[in-house]
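Some notes on the structure that comes next.
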Amino acid sequence: MDKLAIQGGIALSGEVTISGAKNAALPILCSALLTAQSSHFTNLPHLNDISTLLHLLAQMGVGVTLDGSDGLVLEGGSLNNPLAPYDLVKTMRASILVLGPLVARCGEARVSLPGGCAIGARPVDQHIKGLQAMGAEITVEQGYIHAKASRLKGARICTDMVTVTGTENLMMAACLADGETIIENAAREPEVVDLANCLISMGARISGAGTDVIRIQGVEKLHGAQHRIMPDRIETGTYLCAAAATGGQVRLLKTSAAYLDSVVDKLMDAGCDIQLERDAINLKAPQRLKSVSLRTAPYPAFPTDMQAQFMAINAVADGVATIRETIFENRFMHASELQRLGADIQIEGNNAVVRGVARLEGATVMATDLRASASLVIAALAAQGETVIDRIYHLDRGYERIEEKLARLGAQVRRIH
Ligand code: UD1
């Protein structure tokens, strides 16, 4: 298992290019299951999660052709095996995103239940309930969801909570259903909008994406798409935090703050000077950050996927911050690892109290999930001395060439195989 060794205490400085969004690319690649025609996607990030999904799509019979450095053509004409096996789904929960498109197009699907994961139970009951409301017959046997429907029917669906992949799965399924589907309490995340735009370019009739009510008029068939994946707002936020924690000055290219208001506001509250351009973000950190309290909630509120990174910056900021996690029940695992670097953090249920310390010291730590790993990288960059982060396969799921990008900003980072 690879490790990352980081020599901390260097202020990051320079320019780095942000990749396409993992959480937009995953559902958008699944949308290729909805049509027999070929679709062309660009700005795809090179990530393990994307390779896992392509492997899964190829197993189902989808043609996969790489095109240039960040492009890809998917061709669903020979889709013949609507099965997502356990060994692939267990490594990536987002594989559940094939369920809706498969039932809609093939009339059946067998998808392994994803099971729990480190950050919480993460059930998929809302995906199942929504498809049942559209007339799918669903049984769960031997760890597999088996869904059948000769043709899905439009329905009014109100999810019990805001679910991002749930909204995406149901929106994709509804595109080929008979009649109108209304998804209430829909997720408003920008990645849902990016997927909706891709589906619209395939001939889907969708309105309201980006609001909490999405209406979809089903059509008989969709055609191929040409779509450029949006920039990764979480990767963007992570590099902003890394620069902030090290007292650095960076310019992030090919990205936008359009979907990052809550994160940019908090960084400004922490004392950072942030200048926004159309396709770039500039950040200059103060000598010492001020603590910032936050509470995670569905978009447009503060994203749970940025909570761990803000715990790292609060660990070295001046003051006391409270962090409240409202989306996942077990998403503070990075706290005990940050404590190994000298952070002062107290956890009580879904609340963390972080008392900033003057300096962190390098140590050996272990990554537990994707964003937890990012918080350890940020803390390691800010700490004095060397930190070795173990189990960075988590990091490779969501951050493209992280050591190369950090090195471009002057960090001393080394991958140990
Ligand atoms: C997506 C993101 C993930 C992010 C999360 C919350 C992708 C590929 N992943 O995950 O990075 O952290 O949104 O912004 O886009 N829930 C249920 N039943 C369901 C569905 C969800 O109880 O059927 C619960 C979950 O356990 C969780 C909450 O709803 O507590 C939100 O989860 P959800 O938005 O579905 O997360 P994901 O879509 O899995």
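The values are calculated or read from the model by the stated rules, or taken from the named source; none is laboratory data. A quick note: this is a predicted structure, and the numbers were derived from the prediction, not measured. Quick reminder, even Gly has a Cβ in these numbers, built from the backbone with ideal geometry, and neighbours come from all protein chains shown. Just the protein is used for accessible areas: all its heavy atoms, side chains included, with ligands, DNA and RNA removed. Shrake-Rupley method; radii C 1.70, N 1.55, O 1.52, S 1.80 Å.
Among the residues of the stretch 40-56, what is the count of those that are hydroxyl-bearing (Ser, Thr, Tyr) and touching an Asp or Glu at 6+ places or on another chain (Cβ under 8 Å)?
So the answer is 1.
Which of the following residues is in contact (Cβ under 8 Å) with a residue 12 or more places away in the chain and within 11 Å of the ligand (Cβ to nearest atom): Val140, Val213, Val124, Val219?
Val124
Looking for whichever is out of contact with any strand residue (DSSP E or B) (no Cβ under 6 Å at 6 or more places or on another chain), open to solvent by 10 Å² or more (accessible area, probe 1.4 Å) and either away from the ligand (no atom under 16 Å from the Cβ) or of a type in the set (S, T, N, Q) (or both) here; the options are Pro286, Pro231, Pro300. Which one fits?
Just one listed residue meets the conditions, Pro286.
Of all residues in the stretch 143-160, which are within 11 Å of the ligand (Cβ to nearest atom) and open to solvent by less than 10 Å² (accessible area, probe 1.4 Å)?
Thr159
Is there a residue in the stretch 191-203 that is touching a residue at least 12 places away in the same chain (Cβ under 8 Å) and assigned to a loop (DSSP other than H, G, I, E, B)?
There is at least one residue in the stretch 191-203 that is touching a residue at least 12 places away in the same chain (Cβ under 8 Å) and assigned to a loop (DSSP other than H, G, I, E, B).
Could you tell me whether any residue of the stretch 106-118 is within 11 Å of the ligand (Cβ to nearest atom) and either part of a helix (DSSP H, G or I) or touching a His at 6+ places or on another chain (Cβ under 9 Å) (or both)?
no
Can you report the number of residues in the stretch 161-217 which are touching a helix residue (DSSP H, G or I) at 6+ places or on another chain (Cβ under 6 Å), open to solvent by 20 Å² or more (accessible area, probe 1.4 Å) and over 27 Å from Asn43 (Cα atoms)?
0
Are there any helices (runs of 4 or more DSSP H) wholly within the stretch 10-105 with 2 or more residues that are under 21 Å from Ala177 (Cα atoms) and either of a type in the set (Asp, Glu) or open to solvent by less than 10 Å² (accessible area, probe 1.4 Å) (or both), and if so which?
Here the list reads 22-30.
Exactly one condition in (1) aromatic (Phe, Trp, Tyr); (2) at pLDDT below 95; (3) under 16 Å from Arg233 (Cβ atoms) is not met by Tyr299; state its number.
(2)
Which residue pairs have Cβ atoms closer than 8 Å, lie 6 or more positions apart in sequence or on different chains, and pair a first residue in the stretch 88-101 that is touching a residue at least 24 places away in the same chain (Cβ under 8 Å) and more than 12 Å from the ligand (Cβ to nearest atom) with a second residue that is open to solvent by 10 Å² or more (accessible area, probe 1.4 Å) and of a type in the set (Val, Ile, Thr)?
Sorted first by the residue in the stretch 88-101, then by its partner, the pairs are Leu88/Thr52; Thr91/Thr52.
Kindly establish whether Ile347 is away from the ligand (no atom under 16 Å from the Cβ) and open to solvent by less than 10 Å² (accessible area, probe 1.4 Å).
no
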